[in-house]
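Scroll down for the structure; my scribbles are underneath it.
The values are calculated or read from the model by the stated rules, or taken from the named source; none is laboratory data. All figures in this text were calculated on a predicted structure; none of them were measured in a lab. As a convention, Cβ positions derive from the backbone with ideal geometry for all residues, glycine included, and neighbour counts pool all protein chains shown.
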Amino acid sequence: MSDGKRVDEFKKEREALNEIVLKNADLTMKRFWNLDTQAYEAGALPKKTKELLGLVASVVLRCDDCVTYHLIQSKAEGLTTEELTEALGVGLIVGGSITIPHIRRAYRSWEELKES
């Protein structure tokens, strides 16, 4: 997906796959999905901060889908390029050079998100 629509394709695929999972999910899985949603709601920490925490954890864990998801959510919360760069820097320090390919793809997605 290099035609500038990678993020749009990701959103569509994620939505379709979530629909399939939730159609088949048992109570445990549904509760986990709900817990995940609630964990990122504003509380003592604003939603934007929580999304950045999720982004950094995703970089360290090397989950490109998670990175893309948290980039989308962070942009919706007003993330700036400067904030993104600092957050990805923390991910690089914690995760080491193995995170560099994921950081590259994060910036590719960010460039696309900025245009949308």
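Please specify each residue of region 82-99 satisfying the condition of being over 19 Å from K47 (Cβ atoms), β-branched (V, I, T) and touching a helix residue (DSSP H, G or I) at 6+ places or on another chain (Cβ under 7 Å).
Result: V94, T99.
All but one of (1) under 14 Å from R105 (Cα atoms); (2) surrounded by 18 or more Cβ atoms within 10 Å (Cβ to Cβ) hold for C66, so report the exception by its number.
(2)
Residue by residue, here is whether (1) within 25 Å of I98 (Cβ to Cβ); (2) under 11 Å from the mean Cα position of the chain (by Cα) holds:
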residue: E13; (1), (2): no, no
residue: L22; (1), (2): no, no
residue: L35; (1), (2): no, no
residue: A42; (1), (2): no, no
residue: L45; (1), (2): no, no
residue: L61; (1), (2): yes, no
residue: Y69; (1), (2): yes, yes
residue: I72; (1), (2): yes, yes
residue: L79; (1), (2): yes, no
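What is the number of the single condition among (1) within 20 Å of E9 (Cα to Cα); (2) of a type outside the set (G, A, S); (3) at pLDDT 95 or above that T99 does not meet?
In the conditions (1) within 20 Å of E9 (Cα to Cα); (2) of a type outside the set (G, A, S); (3) at pLDDT 95 or above, T99 misses (1) alone.
Just give me the residues in region 1-11 being without any contact (Cβ under 8 Å) to a residue 24 or more places away in the chain, surrounded by 10 or more Cβ atoms within 10 Å (Cβ to Cβ) and more than 17 Å from the chain's Cα centre (by Cα), in sequence order.
Listed by number, the list holds a single entry, M1.
Can you report the number of residues in region 14-29 which are loosely packed, with under 10 Cβ neighbours inside 10 Å and either in contact with a strand residue (DSSP E or B) (Cβ under 8 Å, 6 or more places away or on another chain) or not in a helix (DSSP H, G or I) (or both)?
Of the residues in region 14-29, 1 are loosely packed, with under 10 Cβ neighbours inside 10 Å and either in contact with a strand residue (DSSP E or B) (Cβ under 8 Å, 6 or more places away or on another chain) or not in a helix (DSSP H, G or I) (or both).
Could you please let me know if G4 is closer than 21 Å to E112 by Cα, in a loop (DSSP other than H, G, I, E, B) and at pLDDT 95 or above?
no
Please name all residue pairs, on different chains or six or more residues apart, with Cβ atoms under 7 Å, provided the first residue is in region 38-67 and is closer than 17 Å to V7 by Cα and the second residue is at pLDDT below 95 and part of a helix (DSSP H, G or I).
none
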